[in-house]
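**Q** Below you'll find the structure I mean.
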Amino acid sequence: MAKKKNNNKSVNKNSEKKHNKKVEVTNNADSLGIGNAVKCCFAVVAVLGLTYLLTIYITDKNKKLSLAPLPTVIQYDVILAGQSFNQRNDEYLVLYLDDDKISTYSDILSTYSEKEGKVRLYKCYTNETLNKKFISNDITDKNPENAEDLRVASNTLIRFKDGKIVEYITGISEVSSYLENL
């Protein structure tokens, strides 16, 4: 039985040697860690490179699509409702209308603009945010003395002379016929 114990010891020594060899192999894994680090660095550089190339592609594509900036155009014929009383002309007209009604007036306004000796005509779009406080369907005072008291409905034409209201016309057909007859 003693021999068996020795055999067991020798078997244990052999397994320890085999086990030690395995440990040595796993200790050699440090060299593989450097390889993994190199692979990781390469992957990061590749992702950053692709991001850079994609960014260049997108910006070049946008440069080709962008239009040249449009020149700034100042609309001298369009005013805010609060400016109705303080225009430089001695006599002028202000047409209060919605943007969607401009097509209704386009022929009349182009005909009026071709007339000689005409009174200056300004447009005021009632659907703009800054003009909302001046818009009302219930007009009680058709002859206000200042802009704070001014209340108009859409499709209204007011004739000003020396900063005061001379005529107040409402309705599309009334405004159209008034402008045709001037």
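The values are calculated or read from the model by the stated rules, or taken from the named source; none is laboratory data. Since we're looking at a predicted model, the values are computed, not measured. In case anyone asks, the SASA skips ligands and DNA or RNA and just uses the protein heavy atoms, side chains included. Shrake-Rupley method; radii C 1.70, N 1.55, O 1.52, S 1.80 Å.
**Q** How much of the accessible area of segment 92-159, in percent, comes from carbon and sulfur atoms when a 1.4 Å probe is used?
**A** 42 percent
**Q** Full-extension gain between V119 and T59, please, as 0.36 nm times their residue separation minus the C-alpha to C-alpha distance.
**A** Additional length available on full extension: 16.5 nm.
**Q** Heavy atoms of the protein only, probe of 1.4 Å, neighbouring chains included. What is the accessible area of F42 in Å², nearest 10?
**A** Around 150 Å² of this residue is reachable by solvent.
**Q** What's log10 of I(q)/I(0) for segment 49-182 at q = 0.09, 0.11, 0.16 Å⁻¹, Debye sum over Cα points only, no solvent?
**A** Taken in order of the listed q values, log10 I(q)/I(0) reads -0.37, -0.48, -0.80.
**Q** Considering only protein heavy atoms, with the full assembly of protein chains and a 1.4 angstrom probe, order R120, R88, R159 by accessible area, largest first. The partial results should precede the final answer.
**A** Details: R120 85, R88 230, R159 30 Å².
These residues rank, largest area first, as R88, R120, R159.
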